[in-house]
Structures are given as C-alpha cells and as structure tokens.
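Contents: one structure, followed by commentary.
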Amino acid sequence: MNEIRQFFRHVATIRVEGKTRSEITALIQQIIPAQKATKLILFLQLLQVLAQSKSLSRFSVAPVLPGTPAKEDKRMNEVLQFTFTQCHRKIMISEIAAVANLSVEAFCRYFKVSTRKTYTNFLNEVRISNACKMLIEGNKNIQAICFDSGFQNLSHFNRQFKKVTGKTPSQYMQPNL
C-alpha cells in the first residue's frame with residue numbers, strides 16, 4: 001500500500017509503455033465487465049502494477065519537501081494553485097513572486113530550495129503535463145495544444161516537450177507497438 005501511496009504522491013500524469021502497457025490493458029478489459037468485488041480487486045491489482053512498474057514516463061508536480069513549516073506550506077499551496085489555474089497564459093516571475101508575497105530574488109531562492117527546481121522548469125513541466133493530456137485525448141492538433149498549454153512559440157514547445165518526455169509531441173501521440 002505504501003508503494004501505491006508514494007506513486008500517487010509524486011505523479012500527475014503517466015504514460016504507460018512496454019510490458020506494463022499490455023498488463024494494464026488486460027486488467028482494464030477485465031475490470032469493465034466485472035462485478036463489484038471483483039472490480040475492486042482488479043483495480044487494486046492495476047494500482048500495484050503501476051506502482052511497481054519501471055516502464056512509466058512520470059511527470060512530477062514537485063511536492064513540497066517533508067518538514068516544511070505550515071506557513072511555508074500555505075505559501076507553496078498558493079503558488080501551486082495559481083500556477084495550475086493560470087499555466088495556460090504567460091506568467092511573469094514578478095507576478096508569481098507577488099502571489100508568494102516575496103521579492104523576485106527571494107521567491108526564486110525559496111522555490112528552488114522547496115522543490116529542487118526553478119519555477120520556470122516547474123511551470124514548463126506543468127504545461128507539458130497538460131499538453132500530454134490533450135495529446136492523449138486527441139481532439140486538437142499540436143499547434144493548438146502548444147498555445148492552449150501556455151507556450152508562446154511552437155519550436156520552444158517542441159524543445160521543452162522533448163526535454164521533459166524524451167519524445168517529440170508527434171512521437172508521444174503514436175501508440176507503442
């Protein structure tokens with residue numbers, strides 16, 4: 001159970017690949033027609049397969065490090081909430097620093113210490129995570145997804161997407177064979 005809890009604590013979006021994809025597909029196909037108790041058992045098996053898999057592409061949502069004081073938790077929660085709701089548009093560092101009630105320099109230092117990444121890297125990961133969801137849904141083309149996820153430039157989107165996922169948006173859309 002701890003593996004599953006740990007898995008969900010650090011994952012916003014996943015891409016299932018390889019042997020795990022086959023296992024998950026088979027379990028989902030069994031879950032759909034199953035009765036209540038069997039459905040629950042199969043779902044728990046699915047969670048276990050996901051938690052133990054080594055063939056997942058994971059997107060972290062940068063959890064706050066353990067032991068963070070409550071005041072800092074509140075500040076980080078406000079920053080995260082603002083980021084998740086406003087990531088589709090351009091966010092200036094001065095704007096997010098104001099949300100945290102810090103100077104730009106203090107905010108950059110605070111965010112880096114709290115998450116071990118820069119705010120810009122985190123924002124790009126959030127945007128790419130949203131783009132992955134849109135690509136999987138398949139309702140829009142790559143250019144529309146680029147702009148809808150908050151990027152201002154298609155080539156920058158492609159570079160960031162490949163940096164985060166290891167694949168281009170086109171490759172990401174293609175099912176693994």
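For the stretch 63-177, a crude dipole built from +1 on the beta carbon of Lys and Arg and -1 on the beta carbon of Asp and Glu, taken about the Cα centre, is about 280 debye to the nearest 20. Checking the Cα-Cα distances for LYS90/LYS140; LYS36/LYS140; LYS112/LYS140 against a 28 Å cut-off, the pairs over it are LYS36/LYS140; LYS112/LYS140.
Computed from label points 7 Å out along Cα-Cβ, the spacing between SER103 and MET173 is 4.7 nm. At q = 0.19, 0.21, 0.22 Å⁻¹, what base-10 log of I(q)/I(0) does the Debye formula yield for the stretch 63-177 when every alpha carbon is treated as an equal point scatterer in vacuo? Debye curve over Cα of the stretch 63-177, log10 I(q)/I(0) at q = 0.19, 0.21, 0.22 Å⁻¹: -0.97, -1.10, -1.16. Each of the peptides 33-43, 83-93, 107-117 was scored by the mean count of other Cβ atoms within 10 Å over its residues; in descending order, highest first, they stand as 107-117, 83-93, 33-43.
Laboratory data are not the source of any read-out in this text; all were calculated from the coordinates shown. Bear in mind that the values here come from a model prediction, so they are computed numbers and not experimental data. In this analysis, Cβ positions are derived from the backbone assuming ideal geometry, glycine residues included, and neighbour counts consider all displayed protein chains.
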